[in-house]
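Data block below; observations after.
The values are calculated or read from the model by the stated rules, or taken from the named source; none is laboratory data. Here the structure is a predicted model, which means the values were calculated and not measured. Cβ atoms come from the backbone with ideal geometry, glycine included; neighbour counts cover every protein chain shown.
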Amino acid sequence: MKLRRPLAAALSVGLIMFVGACADDELADDDTNGSGGGGETGGQVTLASQAFDEAALVTAMYEALLEDNGYDVEKQLVDTRDIYMKEFPGNVDIVPEYVAGIGDFLNTQTSGEGAAPVTTNDTDESIEAISPLADAQGITLLEPSPATSQNAFFVTQEFSDAEGVTALSDLEGTSVTLAAAPDCEGRDDCEKGLTQVYGIDITELLPLGFASPETYQSVLDGESQLGQTGTLDGTLESQGLVLLEDDKGIQPAQNLIPAVSSDFLAEHEDVEPLLNDLMAALDNDVMGELLVRVTVDRETPEDVATSFLQQEGLV
């Protein structure tokens, strides 16, 4: 009997070690498969977006969220959409986008310059129209955010008071210099819409940037009469500037929306719920407050993004 007890104990220990090893293997398999049972988690990911403050802030949110979930993030911020779209999908995996922004870009890419817009001011209708175009390019659009940032245009308070200008239609028949993003030219929601729908004679378009310090200053100095910004801009009043009403509705739905390489998403299924949760946490009031911290208080987009994600429990 004395000989049997050590043998039994050894067998018991061996069985425990065997079961433990099997459990470890199962856990390893679970880790490989990732949450939800499909695809990998973590790894290399490349983000690309435009460099203006609003886009940089949203991109910083994506970056912090993905890094917190084990991803090694490379971020590229460029001047215009067409630069990063040459690399997406492919060298770029995820793009923080706007519904009509990417939709009308893909439509022009498919149907050629001068193609009629496929987007409207209805978000669901616009997404339904552009989803086939995105699918054909290997791009998956995730859930849109309630936050929407449409193009908008401003004048000085002095000009508004002197000329009685509070809406874009008040500029019909007048000649103005426009300070705007380089890609404003020819766009239905920018230079083309201002001239063809509102009848504004744009004598010169200065490519000074979307809601950039240079664009603000150009209007304040009188070099330009009209400047381009977004509907989330909370800095205008403090600068003595006035946002004009888009009373003829040339602005389509521009909800924030994640655009992801379909191949990347198939291999990293955990990314979809992460970005969808972020989109759900944003609305116009939240984005307006966060943007003031970047544009007025001069906090970095990265710091503002991280503090917001922590506050919302997203990281």
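Mind listing just one residue for me: the one in segment 97-122 that is charged (D, E, K, R) and within 24 Å of F52 (Cα to Cα) and, of those, surrounded by the most Cβ atoms within 10 Å (Cβ to Cβ)?
The selected residue is E97.
Going by the conditions given, is G36 in a helix (DSSP H, G or I) and at pLDDT below 80?
In short, yes.
Looking only at segment 171-191, which residues are part of a helix (DSSP H, G or I) and closer than 15 Å to G230 by Cβ?
D183, C184
Give the number of residues within segment 192-213 that are part of a helix (DSSP H, G or I), in contact with a strand residue (DSSP E or B) (Cβ under 8 Å, 6 or more places away or on another chain) and surrounded by 15 or more Cβ atoms within 10 Å (Cβ to Cβ).
Number of matching residues: 1.
Being within 30 Å of E172 (Cα to Cα), touching a residue at least 24 places away in the same chain (Cβ under 8 Å) and acidic (D, E) narrows it down to one residue among E245, E269, E237; which is it?
After ruling out the rest, the residue left standing is E245.
Select from segment 272-290 the residues that are farther than 19 Å from I127 by Cα and either in contact (Cβ under 8 Å) with a residue 24 or more places away in the chain or among the small types (G, A, S) (or both) and list them in ascending order.
Residues satisfying the conditions are L274, A281, N284, V286, M287, G288, E289, L290.
Out of curiosity, is D183 under 17 Å from G103 (Cα atoms), surrounded by fewer than 22 Cβ atoms within 10 Å (Cβ to Cβ), not small (G, A, S) and not assigned by TED's automatic domain parsing to the domain that holds D79? Even if it seems obvious, please write down each step before you answer.
Details: under 17 Å from G103 (Cα atoms): yes; surrounded by fewer than 22 Cβ atoms within 10 Å (Cβ to Cβ): yes; not small (G, A, S): yes; not assigned by TED's automatic domain parsing to the domain that holds D79: yes.
Yes, satisfied.
For segment 53-94, give me each residue that is assigned to a strand (DSSP E or B) and either within 16 Å of T148 (Cα to Cα) or basic (K, R) (or both). Full working, then the answer.
Taking segment 53-94 and keeping what is assigned to a strand (DSSP E or B), we get 71-78, 94.
Of everything in segment 53-94, just one residue is assigned to a strand (DSSP E or B) and either within 16 Å of T148 (Cα to Cα) or basic (K, R) (or both), namely K75.
Is there a residue in segment 137-148 that is surrounded by fewer than 19 Cβ atoms within 10 Å (Cβ to Cβ), part of a loop (DSSP other than H, G, I, E, B) and out of contact with any strand residue (DSSP E or B) (no Cβ under 8 Å at 6 or more places or on another chain)?
yes
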